[in-house]
């Protein structure tokens, strides 16, 4: 039982880290794509 709790905790921490990294990576990518679209529309 303790092993299952430990496994669940590790998985939970991994998901939190994964989502945090994903959010940090998605923010600059979305801003870059928005800037690129702005350039396209201005031209």
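Quick notes on this structure:
- Spacing of the two label points (7 Å from each Cα toward its C-beta) at residue 4 and residue 32, in nm: 4.4
- Residue order, fewest to most beta carbons within 10 Å, for 3, 14: 3, 14
A short reminder: the numbers here are calculations on the coordinates, not readings from a lab. Because the structure is a prediction, the values reported are computed rather than measured. Positions of Cβ are generated from backbone atoms using ideal geometry, with glycine treated the same way; all protein chains shown enter the neighbour counts.
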